[in-house]
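Notes follow once the structure below has been shown.
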Amino acid sequence: MSKEISTLLKREDVNIEDTWNLKDLFESDQVWRDKFNEMKDIIFKLETFEGTLGEGPKTLHKCLRFYNELAYEIERLYVYANMKLHQDGANSHYQGLADMSENLVTEFSTISSFIDSEIIEIEEDKLKSFIEEFDELKLYQHYIQNLLDNKDHILDSKMEGVLAQVGEIAQAPEAIFAMFNNADISFPIIEDEDNNKVQITHGRFIAFLESPDPRVRRDAFKGLYSTYEANKNTLAATFSANIKQYGFFAKMRNFSTPIEAALSPRHIPLSVYDNLITTVHDNLTYMHDYVSLRKDLLGLDELHMYDLYTPIVKDIDMKISYDEAWDTIIKALEPMGDEYISLLKEGRYNRWIDIYENKGKRSGAYSWGAYGTHPYVLLNHTNNINSMFTLAHEMGHAIHTHYSNTNQPYVYAGYTIFVAEVASTVNEALLINYLLDNVEDKDERSYLINYFMEQFRGTIYRQTMFAEFERLMHQKQQEGIALTAETISDEYYKLVKKYHGDDLIVDKEISMEWARIPHFYTPFYVYQYATGFSAAIAISQRILEEGNDAVEEYKEFLKGGSSKHPLDLLKIAGVDMSSPEPISKALDVFKGLVEELGKI
């Protein structure tokens, strides 16, 4: 008798209560189209300001205010169209809306490209007098100062216009990868522990790797990566094109390297990136010890790449439903106070969240949204501990966005990527501390310690390895070395071996892992997971040890948006990321967990 094949629901068959309510952004597609057509007509009025910004403070203020009003509306159009597409990447209707919104963003960027160039052409003393003379212009003082700080990298208005038009083409590698990875790719069917035929999907892959059955883990691992291997040349060409376009823009803007182009405009010193990699290198022994411990506790003669996710502690039922996950998270985050908890509940019960995987839905998880509307969260929830932590993580982003949007004007509401991962990881750290404080069973405690160690492995060590890989790939491209599938995979494989040590069999299939990481299409993004995790460990310890004062300082950080530079914002919460100390201290916590699990 043949077993039933488990398949995903189509989007239209998903329970509406399990989906986000995008009507809070636009009541209907028709309302979206009406606003789109309005913006198409009105953005050209911005051109009337070209060549006038140095005439006086009122003109400059009027232009900046109008620009931000347009940007606000266009952002909402873009977010709605793309979130609709993320529900089902194969939906041609929303592919069209997303493409329209992308074109509008490009057109708006082109039309408005003169603004920054004209502002920096005004003499600095004259700009300061503008701000002193006209109080309403003071709102934009921090924005203007940032422009002056980056003056060497802002081109004349004609060149800015050209770069804005090229911008749409430059997004092609990311768009091609997203379409391939979310809509076109199809993984093989394997048999689960009960011999049911189940198709591998992005959402199910980690669950398969967590299986107690090594045959299931191996089949899922080989099935997924063989699919990427079969498309390696296309994926390498797409990956290489993205690195080339980023290098092109860095060069055009007079940055010495692509990494400088990523860090400098956000006032992140290159030493922060270097400190991360150097400090993790100095503490790779802890990671190697963990790999050795995992091999011993699993009782394996050989530990393979596909054995890194299965829990060390066996026979622990950690199946957690979505509602159970919520109940636990609320208790864990009580130290954050009543206001924070009420915001979590608002998100839970008012459909901020798209919960379960469906056919064509974007993989992974994120928090997104647009100013003027509550934030949204995309999940692909499965009933395990990882999904509970993902929920806590993304709600950390969502509450950060809420605080920022409700306390900052539009121009400063969007916080930088560098601080973004702090808020999400503070939630995770408080959650794991709550779970460890309330567990009595020795095996359950071992399970949770192992889970927490996996967070360190996956966030500090793994993301730093990604960061080192990115830096290497961009360096090779700058040196004129062709990024073929073989070159990319060989370098990736070497790093995996370096980070994991000699007690792990580094299966050849893992050399294709780079091909499935969406964040590589946002260059020099992933290092911030590791720095953010390190900062979050420090902040969560302050909250648990110092109570309300630490919470209030942390909330001030959350409210900051981009009104201050990232390192200055973190100092409000009591963390100095210009020093390697937070990373070292976080890895000391990891070392302690390895030692405790070894003793248990």
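The values are calculated or read from the model by the stated rules, or taken from the named source; none is laboratory data. Because the structure is predicted, anything quoted here is derived from the model rather than measured. Using ideal geometry, Cβ is built from the backbone for each residue, glycine included, and neighbour counts are taken over all protein chains shown.
Considering only residues of segment 492-510 that are free of Cβ contacts under 8 Å to residues at least 60 places away in the same chain and under 24 Å from the mean Cα position of the chain (by Cα), which is surrounded by the most Cβ atoms within 10 Å (Cβ to Cβ)? That would be 492. The residues of segment 399-434 that are more than 16 Å from residue 536 (Cβ to Cβ) and among the aliphatic types (A, V, I, L, M), listed by number, are 411, 413. For segment 464-479, the criterion of being crowded, with 19+ Cβ neighbours inside 10 Å and farther than 24 Å from residue 232 by Cβ is satisfied by at least one residue.
Taking segment 191-246 as the range and being within 23 Å of the chain's Cα centre (by Cα), over 30 Å from residue 300 (Cα atoms) and of a type in the set (S, T, N, Q) as the test, the residues that pass are 238, 240, 242, 245.
The set of residues in segment 305-324 that are out of contact with any His (no Cβ under 8 Å at 6 or more places or on another chain), crowded, with 16+ Cβ neighbours inside 10 Å and either part of a helix (DSSP H, G or I) or of a type in the set (S, T, N, Q) (or both) comprises 305, 306, 307, 310. Could you check segment 431-478 and list, in sequence order, the residues that are among the hydrophobic types (A, V, I, L, M, F, W, C) and either at positive phi or free of Cβ contacts under 8 Å to residues at least 12 places away in the same chain (or both)? Within segment 431-478, 439 is the sole residue that qualifies. Is it the case that some residue within segment 78-85 is closer than 19 Å to residue 249 by Cα, crowded, with 17+ Cβ neighbours inside 10 Å and touching a residue at least 60 places away in the same chain (Cβ under 8 Å)? No: segment 78-85 contains no residue that is closer than 19 Å to residue 249 by Cα, crowded, with 17+ Cβ neighbours inside 10 Å and touching a residue at least 60 places away in the same chain (Cβ under 8 Å). Has segment 38-49 got any residue that is closer than 16 Å to residue 362 by Cα, surrounded by fewer than 16 Cβ atoms within 10 Å (Cβ to Cβ) and among the hydroxyl-bearing types (Ser, Thr, Tyr)? No, that holds for no residue.
Just for segment 352-389: of the residues that are aliphatic (A, V, I, L, M), under 17 Å from the mean Cα position of the chain (by Cα) and part of a loop (DSSP other than H, G, I, E, B), which one is farthest from residue 447 (Cα to Cα)? Among residues in segment 352-389 that are aliphatic (A, V, I, L, M), under 17 Å from the mean Cα position of the chain (by Cα) and part of a loop (DSSP other than H, G, I, E, B), the one farthest from residue 447 (Cα to Cα) is 370. Of all the listed residues (223, 203), the sole one being without any contact (Cβ under 8 Å) to a residue 60 or more places away in the chain, surrounded by 18 or more Cβ atoms within 10 Å (Cβ to Cβ) and in a helix (DSSP H, G or I) is 223. Among the residues making up segment 43-72, those that are part of a helix (DSSP H, G or I) and more than 12 Å from residue 112 (Cα to Cα) are 57, 58, 59, 60, 61, 62, 65, 69, 72. Cβ separations smaller than 7 Å between residues 6+ apart or across chains give the following pairs from segment 335-347 residues that are part of a helix (DSSP H, G or I) to residues that are surrounded by fewer than 16 Cβ atoms within 10 Å (Cβ to Cβ) and among the β-branched types (Val, Ile, Thr): 341/330; 344/330. Given the criteria hydroxyl-bearing (Ser, Thr, Tyr), touching a Ser or Thr at 6+ places or on another chain (Cβ under 9 Å) and farther than 30 Å from residue 495 by Cα, does residue 584 qualify? Here the answer is no, as residue 584 does not meet what is asked.
Yes/no matrix, rows are residues, columns are (1) closer than 20 Å to residue 455 by Cβ; (2) touching a strand residue (DSSP E or B) at 6+ places or on another chain (Cβ under 8 Å); (3) surrounded by fewer than 19 Cβ atoms within 10 Å (Cβ to Cβ); (4) aliphatic (A, V, I, L, M):
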site	(1), (2), (3), (4)
512	no, no, no, yes
521	no, no, no, no
527	yes, no, no, no
533	yes, no, no, no
536	yes, no, no, yes
553	no, no, yes, no
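Give 145, 171 a once-over and let me know the one that is within 28 Å of the chain's Cα centre (by Cα) and farther than 21 Å from residue 410 by Cβ.
Testing whether each residue is within 28 Å of the chain's Cα centre (by Cα) and farther than 21 Å from residue 410 by Cβ leaves just 171.
What are the residues in segment 361-388 that are farther than 16 Å from residue 22 by Cβ and either surrounded by fewer than 24 Cβ atoms within 10 Å (Cβ to Cβ) or in contact with a strand residue (DSSP E or B) (Cβ under 7 Å, 6 or more places away or on another chain) (or both), if any?
Our first condition is that a residue be farther than 16 Å from residue 22 by Cβ; within segment 361-388, this holds for 363-365, 380-388.
Matches in segment 361-388: 363, 364, 365, 380, 381, 382, 383, 384, 385, 386, 387.
Residues in segment 135-188 that are more than 19 Å from residue 111 (Cα to Cα), assigned to a helix (DSSP H, G or I) and of a type in the set (S, T, N, Q): 5 in all.
If you take the residues of segment 309-334 that are touching an Asp or Glu at 6+ places or on another chain (Cβ under 9 Å) and either of a type in the set (Val, Ile, Thr) or within 30 Å of residue 295 (Cβ to Cβ) (or both), which of them is modelled with the lowest pLDDT? Among those residues, the one meeting the criterion is 315.
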